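Asks: Let me give you the structure first, and then I'll get to my questions.
The values are calculated or read from the model by the stated rules, or taken from the named source; none is laboratory data. Only a predicted model underlies this, so the values are computations on that prediction, with no experimental measurement involved. A quick note on method: Cβ atoms are made from the backbone with ideal geometry, for glycine too, and the neighbour counts reach across all protein chains shown.
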Amino acid sequence: MPDRVKLAIIGCGGMAGAHLGGYEKLLAAGYDKFQIVAVCDTNAKNAAAFADRIEEFAGTRPQIFGSVKDMLDDTSIDAADICTPHAFHHTTAIPCLRKGIHVMIEKPGGITIKAGKKILAAAEKSGAIVATAEQVRRCKGARVMEWAINRKKVIGTPSFFTMEVLGHQEFNWRSYAFAWRGLKLLGGGGMLYDAGVHFADMMLHVFGPVAEVHADLRTFFTPMLNGPAGLGKQRLDVEDTWLATLHFESGLVGHWSYSREAYGYKVRTGVYYGTKGSLRDRQEWMHPFQHGADLRLKDGSEVPYEKLQEQYMQQLSKAKTQRLFPYGLDDGVSNECWDFIEAIDKGRQPEVDGYAALKAKALCYALYESNLAGKPIKPADVESGKVNAYQRPIDEYWKI
Ligand SMILES: NC(=O)c1ccc[n+]([C@@H]2O[C@H](COP(=O)([O-])OP(=O)(O)OC[C@H]3O[C@@H](n4cnc5c(N)ncnc54)[C@H](O)[C@@H]3O)[C@@H](O)[C@H]2O)c1
């Protein structure tokens, strides 16, 4: 490995801006095993703004490219951090992987299961790393709660949970960032495949595999969108509401619902019940446990999240504390950026790899497939490719 990992940012929009914040914090903390040498975006203005920002905090200006092809023809990089819309995860990642360039891909890590598998196949062939930018489970709150549930068993055996995010949210559908999120061909689905994939990843991480799901999806609001990538004017065609039941292999059962077209009462609830008590999530946006959860036991006694966090931190060794919260940084984004560079530097796997992304995707897509089929669906059948009726038009359109 060269002294410093030469890094490119592909897709310079909203979330990539948060990644830059992570790299900036790492540099400020004294971690300098990387240098951002290139930025790549089909939108020249976005790429230039990123180059300005990087020059300001890192002191060197990255090269600017309008396409991955031009970037790969022109510069030598070791790694790429990919933050494009979902339809372009595989089109940007695979050419990098073929050249042995390690990638970290924002969740969901490919628009369909097939796209995700093609990314993994390209990585296996070249030996390059595929990391997943899944920050939620690396946040301090999420680490504390995984320990509290699985190691300390604060609620005993988990028995059921309910996660509901209901209310009226207005998105700016005229903006690029929402226009692609409203079209199945660009986003893969709506919020279930977008923010929902964080929830899916965390549920699998904390509670283990899901055997079967049964879901109902609805679309109540269908504004006209100006579809990017040549898709032109068309109506939003993804869900804005869902209600689902998740049956875990452990016997745990969960209810998960979301709507942004729920008028009047607003609901933000995430409660996980077990044989000894329950945990109330402080989440606001399907990012389970990111802000921790409060415990209430059968006898009415309460343990606030802060106390659980204190107990968790006390039992961590110094080495583990440094690994889980490098440089004292406990936000998931700085952590995933650090983990990606360290994985390359040390030749190890990242904490969240491309296979984890595939599992979370399969769980989300099982809900879409269940809605389409009108019956329960096993995420394992979605992951294997046996069930793919919902995704097939996306794979056909993009020739995946
Ligand atoms: N982890 C999180 O909490 C979180 C939050 C928001 C978004 N995301 C994820 O980040 C990714 C990007 O979302 P966003 O909100 O930043 O979107 P965005 O629309 O704000 O930005 C996407 C950028 O990609 C560029 N782009 C499009 N096609 C490209 C291509 N072929 N090559 C290079 N650049 C291209 C666009 O011009 C734009 O600048 C998605 O995978 C999304 O799910 C994650």
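Asks: Can you find a residue that is among the polar types (S, T, N, Q), modelled with pLDDT under 95 and within 27 Å of Trp256 (Cβ to Cβ) anywhere in the stretch 302-311?
Replies: No: the stretch 302-311 contains no residue that is among the polar types (S, T, N, Q), modelled with pLDDT under 95 and within 27 Å of Trp256 (Cβ to Cβ).
Asks: Let me ask something else about it. Step by step: first the residues of the stretch 124-137, then only those that are within 13 Å of the ligand (Cβ to nearest atom) and either among the aromatic types (Phe, Trp, Tyr) or assigned to a helix (DSSP H, G or I) (or both), then the one that is farthest from Arg348 (Cα to Cα). Which residue is that?
Replies: Top of the filtered list is Val136.
Asks: Kindly establish whether Ala80 is closer than 17 Å to Gly22 by Cβ, at pLDDT 95 or above, outside any helix (DSSP H, G or I) and in contact with a Pro (Cβ under 7 Å, 6 or more places away or on another chain).
Replies: no
Asks: Can you find even one residue in the stretch 355-377 that is surrounded by 24 or more Cβ atoms within 10 Å (Cβ to Cβ) and touching a Lys or Arg at 6+ places or on another chain (Cβ under 6 Å)?
Replies: There is no residue in the stretch 355-377 that is surrounded by 24 or more Cβ atoms within 10 Å (Cβ to Cβ) and touching a Lys or Arg at 6+ places or on another chain (Cβ under 6 Å).
Asks: Out of the stretch 153-189, which residues are touching a strand residue (DSSP E or B) at 6+ places or on another chain (Cβ under 8 Å) and of a type in the set (Asp, Glu)?
Replies: Hit for the stretch 153-189 is Glu164, nothing else.
Asks: When you look at Phe88, is it within 11 Å of the ligand (Cβ to nearest atom) and in a helix (DSSP H, G or I), yes or no?
Replies: For Phe88, the condition - within 11 Å of the ligand (Cβ to nearest atom) and in a helix (DSSP H, G or I) - is met.
Asks: Shifting gears a bit: Only residues that are touching a Ser or Thr at 6+ places or on another chain (Cβ under 9 Å) and on the phi > 0 side of the Ramachandran plot: list them for the stretch 1-36, please.
Replies: Within the stretch 1-36, Gly11 is the sole residue that qualifies.
Asks: Something else now. Within the stretch 112-123, does at least one residue satisfy the condition of being within 11 Å of the ligand (Cβ to nearest atom) and out of contact with any strand residue (DSSP E or B) (no Cβ under 8 Å at 6 or more places or on another chain)?
Replies: No, that holds for no residue.
Asks: Among the residues of the stretch 52-68, how many are within 15 Å of the ligand (Cβ to nearest atom), part of a helix (DSSP H, G or I) and surrounded by fewer than 19 Cβ atoms within 10 Å (Cβ to Cβ)?
Replies: Selection size over the stretch 52-68: 2.
Asks: Is it fair to say His291 is more than 17 Å from Gly167 (Cβ to Cβ), assigned to a loop (DSSP other than H, G, I, E, B) and of a type outside the set (Asp, Glu)?
Replies: yes
Asks: Regarding the stretch 24-37, can at least one residue be identified that is touching a helix residue (DSSP H, G or I) at 6+ places or on another chain (Cβ under 6 Å), of a type outside the set (A, V, I, L, M, F, W, C) and buried (at least 22 other Cβ atoms within 10 Å of the Cβ)?
Replies: no
Asks: Looking only at residues that are touching a Pro at 6+ places or on another chain (Cβ under 9 Å) and either closer than 17 Å to Lys69 by Cα or modelled with pLDDT under 95 (or both) in the stretch 8-41, which one is farthest from the ligand (Cβ to nearest atom)?
Replies: Val37
Asks: Which of the residues belonging to the stretch 42-67 are over 15 Å from Gly11 (Cα atoms) and touching a residue at least 24 places away in the same chain (Cβ under 8 Å)?
Replies: If the condition is that a residue be over 15 Å from Gly11 (Cα atoms) and touching a residue at least 24 places away in the same chain (Cβ under 8 Å), then Phe57, Ala58, Thr60 are the ones that fit.
Asks: Tell me which of these Met104 doesn't satisfy, since it passes every other one: (1) of a type in the set (A, V, I, L, M); (2) more than 10 Å from the ligand (Cβ to nearest atom); (3) in contact with a strand residue (DSSP E or B) (Cβ under 7 Å, 6 or more places away or on another chain); (4) under 26 Å from Ala389 (Cβ atoms).
Replies: (4)
Asks: Could I ask something else about it? So which residues in the stretch 212-238 are under 16 Å from Asn172 (Cα atoms) and within 16 Å of the ligand (Cβ to nearest atom)?
Replies: Leu225, Asn226, Gly227, Pro228, Leu236, Val238
Conditions tested, residue by residue: (1) small (Gly, Ala, Ser); (2) crowded, with 19+ Cβ neighbours inside 10 Å.
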position	(1), (2)
Phe178	no, no
Gly182	yes, yes
Ala229	yes, no
Val238	no, yes
Phe248	no, yes
Arg260	no, no
Trp285	no, no
